[in-house]
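*Asks:* Next up is a structure, given as structure tokens.
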Amino acid sequence: MFAAAATLFAAAPKVPVPVPTVTGPIAWTAQPPDASHGYTFNHTFLDLKQAGYVEEEFFIEGTANQYKMAPETTGSVLDSGHPYKTRIVVRRPNSAHKFNGTAIVEWTNVTGSRDLEMDWFQSSEHFMRAGYAWIGVSAQRVGVDALKAWSPARYGSLDVTDGGKVGTDGLSYDIMAAVGELVRSTAKPGVMGGLKVERVIATGHSQSAGRLAGYVNSIHPLNPVFDGVILHGGGGRIRTDLDVKVWKMLSETDVRGPAARQDDTGDFRTWEVAGTSHVDSESIRHFTAIAKLNATEAANGAAAGQCDKPPYSQVPFRYVFDSAYDHMVRWIKDGTPPPSAPAIEFSSATPPVIARDANGIAQGGIRLSEEAVPTGVNTGQNTGAGFCRLYGSHVDFDKEKLAALYPSHKEYVAKVKEVTEKNLKAGYILKQDADATIQAAERSDIGAAR
């Protein structure tokens, strides 16, 4: 297979992407929240200074191609020379000593008609404790148009449509690749504050994962930019002849059935996390906080009260995601493959129906203690208005059921500890997150005498 892949990529005509021109960091004219919106959209509420991090926003300009693309085949250039101007947000260590050498480049999600940094929302705290740099890319028209509407004075000059000539986000692939090239570049002015980037991982959630899947299948072979790609919550079938590590990270919501799966290979992994949802309680925590800073309404949250079940799984998908990033680095750096993981089970393949226990808890998959030692029912499914289908659900057990399941607090903590230590040993979570899980169980009143 590797010889065939080498022949394929050698035969494909290379289409280099120019490193874009950089302006910035773009200064603020007001402090958030402020009605003038003279500051970075989605400025993080986290204490970057305490973590030894800085946040900077840059405008980038260049030219991009449009491509002819077909599923699972190498693309070709449709036309060239389309100018674009967009923005990136960089959150990075403020010193080389803290930097781990890896840049995470996220294709920001625009399903909510504005930029949403879904992978930053999940793993930002791990990025900062482990020394990753994160770069968010506004690659699509919907997101850029929302920026321009939110702050015409700050973002009015941005355009990813070549003045309206490109209406299908056709430039987005080269914009993403250009940022991958940019973070490696030592040319000045740079965007990394002098940090030396050794590895670049592309990531994106949901719609962005779908576009990244198209990119890695069709555009990556023309100009390999990224060392690894993480498709979070989506993405179609991935070619088996690619020279890049690709990982699908799926919540319970995202698992479409046995027929949609691909086997793990030397360069491909899938992890499925039972009880988790496409948009979860951690995402909503970030949505709410940045909405206050943006001085605007919370993204996607308005219809939550109209869901048929209480929305948002509380199973911490982020703990598994954190581990995947570190595995991806080792996979790229020294070829150490990440562990495979069990798949979520189905009671029916056609139509696909997830197998559940008597409480409605999904079976199989990676099972964090919140799923394996439940204090309620968390799922990836819901119904109702708006985006309810993506929110999953969470319903607490009543006091009587908890008392029957866990006659003592000691017994409950012991069960959590057993499951968590198994997940740590298997490589599905990191030590810090395992410790946090056990400590949360110890602080709880589950099983305590009443």
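*Asks:* Within segment 39-77, find all residues whose amide N lies under 13 Å from a label point positioned 7 Å from the Cα of residue 153 along Cα-to-beta-carbon.
*Replies:* 39-40
*Asks:* Magnitude of the Cβ-charge dipole of segment 1-158, K/R +1 and D/E -1, about the Cα centre, nearest 20 debye?
*Replies:* 220
*Asks:* Okay, next question. If you place +1 on the Cβ of every Lys and Arg, -1 on the Cβ of every Asp and Glu, and leave all else neutral, what size is the dipole of the chain about its Cα centre, to the nearest 20 Debye?
*Replies:* With only Lys, Arg, Asp and Glu charged at Cβ, the dipole is about 400 debye.
*Asks:* Please compare each pair in 98/196; 68/248; 85/188; 399/431; 14/148 to a cut-off of 23 Å on the Cα-Cα distance and tell me which ones are over it.
*Replies:* Beyond 23 Å: 68/248; 399/431; 14/148.
*Asks:* When the chain is treated as a GNM, springs tying every alpha-carbon pair under 10 Å, which of 350, 108, 23 comes out with the largest mean-square fluctuation?
*Replies:* Among 350, 108, 23, the largest mean-square fluctuation in the Gaussian network model of the chain belongs to 350.
*Asks:* Put +1 on the Cβ of each Lys and Arg and -1 on the Cβ of each Asp and Glu in the chain; which of 220, 240, 289 then has its Cα farthest toward the positive end of the dipole?
*Replies:* 220
*Asks:* Placing +1 on the Cβ of each Lys and Arg and -1 on the Cβ of each Asp and Glu in the chain, which of 381, 351, 67 has its Cα farthest towards the positive end of the resulting dipole?
*Replies:* 67
*Asks:* Could you work out how far the C-alpha centroid of segment 23-70 sits from that of segment 195-209, in angstrom?
*Replies:* First find each Cα centre; the distance between them is then 16 Å.
*Asks:* Residue 401: which lysines have alpha carbons under 18 Å from its alpha carbon, excluding same-chain residues fewer than 8 sequence positions away?
*Replies:* Reachable lysines: 410, 415.
*Asks:* Excluding residues on the same chain fewer than 8 positions from residue 245, give the lysines whose Cα lies under 18 Å from its Cα.
*Replies:* 333
*Asks:* Can I ask one more? Could you give log10 I(q)/I(0) at q = 0.17, 0.18 Å⁻¹ for segment 165-324, computed by the Debye formula over C-alpha point scatterers of equal weight, without solvent?
*Replies:* Here log10 of I(q) over I(0) equals -1.17, -1.24.
*Asks:* If I stretch the segment between residue 129 and residue 436 completely, what's the gain in nm (0.36 nm per residue apart, minus their alpha carbon distance), one decimal?
*Replies:* Roughly 109.1 nm would be gained on extension.
*Asks:* On the first, second and third principal axes, largest extent first, how far apart are the outermost C-alpha atoms of segment 41-81 in Å?
*Replies:* 47, 25, 17
*Asks:* Quick one: which residues, 5+ away or cross-chain, put their amide H under 5 Å from the amide H of residue 105? H built at 1.01 Å from N.
*Replies:* Here the answer is 135, 201, 202, 203, since their amide H atoms fall under 5 Å of that of residue 105.
*Asks:* Starting from the Cα of residue 357, step 7 Å along the direction of its Cβ; do the same at residue 80; then give the gap between the two resulting points in nm.
*Replies:* About 6.0 nm separates the two model spin labels.
*Asks:* Mind giving me the nanometre distance, one decimal, between the label points for residue 383 and residue 198, set 7 Å out from Cα along Cα→Cβ?
*Replies:* For the pair residue 383/residue 198, the computed spacing is 5.2 nm.
*Asks:* Express in nm, to one decimal, how much length is gained between residue 49 and residue 73 on full extension, taking 0.36 nm for each residue of separation and deducting their alpha carbon distance.
*Replies:* Extra length from residue 49 to residue 73 when fully extended: 4.2 nm.
*Asks:* On a full-extension model of 0.36 nm per residue, what is the gain between residue 340 and residue 34, subtracting their alpha-carbon distance, rounded to one decimal in nm?
*Replies:* Between residue 340 and residue 34, full extension yields 105.4 nm more.
*Asks:* Let me ask you something else. So what's the convex hull volume per residue for the Cα atoms of the chain, in Å³?
*Replies:* Residue-normalised Cα hull volume stands at 152 Å³.
*Asks:* May I pose another question? What list of ³J(HN,Hα) couplings, whole Hz, do you get for segment 117-134 from phi and the Karplus terms 6.51, -1.76, 1.60, once you set θ to phi - 60° and write x for glycine and proline?
*Replies:* 8, 4, 7, 4, 4, 6, 10, 4, 5, 5, 3, 6, 6, 9, x, 6, 9, 10
*Asks:* Counting helices only, and only those DSSP H runs with n ≥ 4, report the 222 nm mean residue ellipticity of the chain as the sum of -39,500 (n - 2.57) divided by its residues, in deg cm²/dmol to the nearest 500.
*Replies:* It comes out at -9000 deg cm²/dmol, rounded to the nearest 500.
Bear in mind these aren't lab numbers, they're just calculated from the coordinates by the rules spelled out. Not measured: the values here are computed from a predicted model. Don't worry about glycine lacking a Cβ; one is built from the backbone with ideal geometry, like all the others, and counts go over all protein chains shown.
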